[in-house]
1. Is it the case that Pro252 is out of contact with any His (no Cβ under 6 Å at 6 or more places or on another chain), at pLDDT below 95, surrounded by fewer than 17 Cβ atoms within 10 Å (Cβ to Cβ) and within 30 Å of Ala30 (Cα to Cα)?
2. When only residues in segment 1-38 that are within 17 Å of Ala49 (Cβ to Cβ) and of a type in the set (Val, Ile, Thr) count, which is surrounded by the most Cβ atoms within 10 Å (Cβ to Cβ)?
3. Under 24 Å from Lys44 (Cβ atoms) and among the β-branched types (Val, Ile, Thr): which single residue out of Thr121, Thr174 fits that description?
4. Across segment 183-219, what is the number of residues that are of a type outside the set (Lys, Arg) and at pLDDT 85 or above?
5. Within segment 62-75, which residues are surrounded by 16 or more Cβ atoms within 10 Å (Cβ to Cβ) and of a type outside the set (A, V, I, L, M, F, W, C)?
6. Within segment 198-217, can one find any residue that is crowded, with 22+ Cβ neighbours inside 10 Å and on the phi > 0 side of the Ramachandran plot?
7. Please report, ordered by residue number, the helices (runs of 4 or more DSSP H) entirely within segment 68-161 with at least 2 residues that are more than 25 Å from Ile199 (Cα to Cα), among the hydroxyl-bearing types (Ser, Thr, Tyr) and out of contact with any Leu (no Cβ under 6 Å at 6 or more places or on another chain).
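The values are calculated or read from the model by the stated rules, or taken from the named source; none is laboratory data. The shown structure was predicted, so the numbers you read here are calculated from the model rather than taken from an experiment. Note: ideal-geometry Cβ built from the backbone for every residue, glycine included; neighbour counts use all protein chains shown.
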Amino acid sequence: MNRQQLIANIRRKRSFLCVGLDTDLKKIPAHLLDAEDPIFDFNKAIIDATAPYCVAYKPNLAFYECFGVKGWQAYEKTVDYLRTHHPDQFIIADAKRGDIGNTSAMYARTFFGESSVDALTVAPYMGEDSVTPFLDYPDRWVILLALTSNKGSQDFQLIADGEGRPLYEHVLRTSSRWAGADRMMYVVGATQGRLFADIRRIVPDHFLLVPGVGAQGGSLEEVCRYGLNADCGLWSTPAAASSTPIPAKISPASQNKRRKSCNNRCRPF
């Protein structure tokens, strides 16, 4: 999916909601545990309940890879289900890959060649040659870790150089030369609040994937105030069956709550 298609979908649905599929077997409804593939069955139920209200899904690979072949099969079935039944959805593989060039090339082939998702989260620590192999696939996106939502983000990401510029600023400024806003996005945690204003001064046009709204304490109101741009430019990302147990059936009120919040913020677009 290219940038124009993505923006058109956000405007059509009046939503920038991305649903995280961090499916933890310890937290899904008990009746699903007897199914042949409980991870996929749970994902399917979540997708069918939320697809009218969101524009993207983000399966977190750790919750699939830990189950070996069966987990990977559940991930592939989830991607195939989205492609077949909800083809307008943007699919993000949250895998946080990144290694020396030839290894990154194999990771890129896995997710953009075999799995055929729209975007992949990538760690920038090893520099340009660890990221650019992911940019060899047309209409596929790199979502680079910039300023994350976890408590440990301050251990490295906020360390300042002699001129007072934190590490995450160097990541943004340097990586924005590798690809434009039509190929590169950034992970910025919702818990970072007013730092979104600083980030927008550096990358005003790029999309930001924003985890941490809700259970981690991030404020959607604050994210929108400082992070929105002329094309919306945000993904708000709650997780299903990760930090919070999800009921067997999602009520219409629950489905609509975050959609309405996104809708109100999308009115200028």
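1. Values: out of contact with any His (no Cβ under 6 Å at 6 or more places or on another chain): yes; at pLDDT below 95: yes; surrounded by fewer than 17 Cβ atoms within 10 Å (Cβ to Cβ): yes; within 30 Å of Ala30 (Cα to Cα): yes.
For Pro252, the condition - out of contact with any His (no Cβ under 6 Å at 6 or more places or on another chain), at pLDDT below 95, surrounded by fewer than 17 Cβ atoms within 10 Å (Cβ to Cβ) and within 30 Å of Ala30 (Cα to Cα) - is met.
2. Thr23
3. One residue alone meets the criteria, Thr121.
4. The number of residues fulfilling the criteria is 21.
5. Tyr64, Gly71, Tyr75
6. Yes, because at least one residue in segment 198-217 is crowded, with 22+ Cβ neighbours inside 10 Å and on the phi > 0 side of the Ramachandran plot.
7. By residue number, 68-85, 101-108.
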